[in-house]
1. Subtracting the Cα-Cα distance from 0.36 nm times the residue separation, let me have the gained length for residue 113 to residue 53 in nm, one decimal.
2. Roughly how many nanometres apart are two label points built 7 Å out from the Cα toward the Cβ at residue 25 and residue 97?
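Coordinate-derived values only; no laboratory data. For clarity, every value in this text was computed on a predicted model and none was experimentally measured. Glycine gets a Cβ as well: all are built from the backbone with ideal geometry, and neighbour counts include every protein chain shown.
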């Protein structure tokens with residue numbers, strides 16, 4: 001009996017180990033193989049990466065690299081200026097739509113809605129917009145590329 005019980009225990013341990021190993025392998029494959037490519041949208045604020053890739057693919061001279069970097073940095077600045085000009089319109093639209101939503105809610109629902117709005121505003125205090133419009137300080141253009 002003792003040897004039968006030991007054999008059953010070993011088989012159970014092997015089975016459980018296989019399950020754990022399989023689950024770990026599947027998790028690894030899903031996160032590091034199947035989803036290895038990030039699906040982030042293009043972000044002009046990462047202009048240094050764009051300039052680097054252009055330099056490699058197009059075999060740009062040092063002067064062209066500096067010019068590309070300057071142009072892309074200026075574009076980022078223009079996006080930031082546009083965002084600053086449009087920010088009041090975004091905020092006005094947001095407030096208007098919140099009032100429209102409050103108008104169709106019951107007093108109890110409005111209280112809960114206001115709590116939700118307060119949580120959202122606390123989480124995103126600057127009323128964050130799409131990445132391309134969020135302000136990020138520009139760096140000075142690189143004078144030389146490696």
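1. Length difference between fully extended and current span is 17.0 nm.
2. The modelled label-to-label distance comes out at 4.7 nm.
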